[in-house]
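The values are calculated or read from the model by the stated rules, or taken from the named source; none is laboratory data. This is a predicted model, so every value here is computed, not measured. All Cβ positions, glycine included, derive from the backbone under ideal geometry; neighbour counts span all protein chains shown.
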Amino acid sequence: SERSAGGTRHCADPLWRAVWAANHQFKLADFSVSKAIRRSLQQLATNRKDRAESASPGFIRERRMSETAARQGNGCYHPGKRCNNISSRQTLSTHHYLECNPHRQTFRGDETPQKYQRLSTKEILNKHGFALAEGAKLGYGRYSKVCKALHIRTGRNIAIKIIDTRKVTQEYRKKFLPREIASWRILNHHNIVTLLAVFDEGSKVFLAMDLAENGDLLTYVQENGAQSERLTQNWMCQLISAVRYMHMRWIAHRDLKLENILLFADKSVKIADFGFCREVKSEADMSLTFCGSKAYSAPEILLGRAYPPFKADVWSLGVIAFVIVTNRMPFDERVSSNTIIVNAQQERSYHYPRNLMISEECQQTIDTMMTFDYENRPNIHEAMNLPWFDIMKPFRRPRNDNIHDTFKQPHY
């Protein structure tokens, strides 16, 4: 990162730009942490320059120099001044170095200065105005974990997702994570988890969000069994309202599943995890990226064909409704062959247990949302008008389509 003559900071890293933009987007009242966040980001941007200009005997540092720079004697540094043309033949004790590799320009001193010590997760959160709560760990994935934290000023409990960018792929770091932050920060709906703050420290990115007291919907259904048709209607109307809101803003989620739906204390549900979301240019816009889980994926995705992401979201909602009301998956994702799953989808090999007394109207609604041919599958607006949702008229035309009126931002 460099600062231009006009004072504007430029950075080619899309993740840095996304985090920077997110922190300029959040205008939460009395949220003093935002200033600390910006200071932290600015420090990160100039960190490399600072390290090049000064170092101490205790600073562990590695810098590969080009051959041209090496010939110019533009070598290493020690406290306060530059050591030109240093080599392993020099007396290292002169500069208090314990090790020296002149080819890789690596130097290790006997103690690490305070400003370069690596901060723990607890220290980083404290720096930004948060404190880890007891039993902080809520969940984890391949490259991230979710912890419970407390906003120190307000005493509000929140969840913080910590992503280790050293463990992710380059595609995720440069494409999907910046896209997630950029899209999530502009979504403002009472059935979408609110992104409260974004900051990064070293190789970790922190996303502060609403805390779901009852965890994710998959765990809830597994522990409590099939839910009543009435409750399923209620939850599905909330989810359809949220997805409709996203689609009206030309954003497709592309990874809708029970694990990404959180259940709150008031029994409301909210959509989370926008890692695979994508901005769509039109209804006819097609996507090629394979996203989500097999069990929730539409047949056109499993076949590796170009697919309309909006229609794929509707299919996933149909699978979600089936799982909630039956406590079973309609298709077995453990099957290694996608072709076998697609054949099962085409034949509608799933069935509704008779003992659950699921109405014909409910079954028809789910079947319609899981129409095999996406051209005949309803879009989100048509799905909202299916007869099964008639009894939930408040959700038919939700008032939350206006981004400025739907959700009052929490005051910190």
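Restricting attention to the stretch 152-189, and to residues there that are more than 14 Å from ALA131 (Cα to Cα) and of a type in the set (Ser, Thr, Tyr), which single residue is surrounded by the most Cβ atoms within 10 Å (Cβ to Cβ)? Only one residue tops the list, namely SER183. Look at (1) buried (at least 17 other Cβ atoms within 10 Å of the Cβ); (2) at pLDDT 90 or above; (3) assigned to a helix (DSSP H, G or I) and you find that LEU196 fails only one, number (3). Can you tell me which residue within the stretch 330-344, out of those that are polar (S, T, N, Q) and assigned to a loop (DSSP other than H, G, I, E, B), is farthest from ASP373 (Cα to Cα)? In this case the residue turns out to be SER336.
When GLN227, GLN233, GLN238 are checked against the criterion of being over 21 Å from ALA182 (Cα atoms), touching a His at 6+ places or on another chain (Cβ under 9 Å) and not basic (Lys, Arg), a single residue qualifies: GLN238. Against the definition (among the polar types (S, T, N, Q) and farther than 19 Å from ALA383 by Cβ), how does GLN227 come out, yes or no? Against the criterion (among the polar types (S, T, N, Q) and farther than 19 Å from ALA383 by Cβ), GLN227 qualifies.
The condition (being among the β-branched types (Val, Ile, Thr), closer than 20 Å to ILE358 by Cβ and either crowded, with 23+ Cβ neighbours inside 10 Å or in contact (Cβ under 8 Å) with a residue 24 or more places away in the chain (or both)) is satisfied by just one residue among ILE324, ILE301, ILE271: ILE324. When the criteria are applied in full, ILE251 fails the requirement of being closer than 29 Å to SER349 by Cα and within 22 Å of the chain's Cα centre (by Cα). One residue alone among ARG156, ARG179 is among the basic types (Lys, Arg), within 11 Å of the chain's Cα centre (by Cα) and not assigned by TED's automatic domain parsing to the domain that holds GLY292, and that residue is ARG179. Checking ALA182, ALA149 one by one, the residue that is more than 30 Å from TYR352 (Cβ to Cβ) and in a strand (DSSP E or B) is ALA149 and no other.
For every residue, the table says whether it meets (1) in a loop (DSSP other than H, G, I, E, B); (2) of a type in the set (A, V, I, L, M, F, W, C).
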{"site": "LEU262", "(1), (2)": "no, yes"}
{"site": "ALA265", "(1), (2)": "yes, yes"}
{"site": "PHE276", "(1), (2)": "yes, yes"}
{"site": "LYS281", "(1), (2)": "yes, no"}
{"site": "VAL325", "(1), (2)": "no, yes"}
{"site": "GLN346", "(1), (2)": "no, no"}
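Of the numbered criteria (1) within 30 Å of the chain's Cα centre (by Cα); (2) at pLDDT below 95; (3) polar (S, T, N, Q), the one SER316 fails is (2). The residues of the stretch 228-267 that are surrounded by fewer than 19 Cβ atoms within 10 Å (Cβ to Cβ) and not small (Gly, Ala, Ser), listed by number, are GLU229, ARG230, LEU231, ASN234, MET248, ARG249, TRP250, GLU259, PHE264, ASP266, LYS267. Answer yes or no: is there a residue in the stretch 290-297 that is hydrophobic (A, V, I, L, M, F, W, C), surrounded by fewer than 23 Cβ atoms within 10 Å (Cβ to Cβ), out of contact with any Phe, Trp or Tyr (no Cβ under 7 Å at 6 or more places or on another chain) and without any contact (Cβ under 8 Å) to a residue 24 or more places away in the chain. Within the stretch 290-297 (the criterion being hydrophobic (A, V, I, L, M, F, W, C), surrounded by fewer than 23 Cβ atoms within 10 Å (Cβ to Cβ), out of contact with any Phe, Trp or Tyr (no Cβ under 7 Å at 6 or more places or on another chain) and without any contact (Cβ under 8 Å) to a residue 24 or more places away in the chain), the answer is yes, since at least one residue qualifies. Among the conditions (1) in contact (Cβ under 8 Å) with a residue 40 or more places away in the chain; (2) under 21 Å from PRO308 (Cα atoms), VAL280 misses just one, which is (1).
For (1) under 29 Å from GLU123 (Cα atoms); (2) of a type outside the set (A, V, I, L, M, F, W, C); (3) in a loop (DSSP other than H, G, I, E, B), each residue gets a yes or a no:
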position	(1), (2), (3)
HIS189	no, yes, yes
LEU207	yes, no, no
TYR220	no, yes, no
GLU223	no, yes, no
ALA226	no, no, yes
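Exactly one residue among SER287, SER337 is at pLDDT below 95, among the small types (Gly, Ala, Ser), buried (at least 17 other Cβ atoms within 10 Å of the Cβ) and over 21 Å from GLU229 (Cα atoms), and that residue is SER287.
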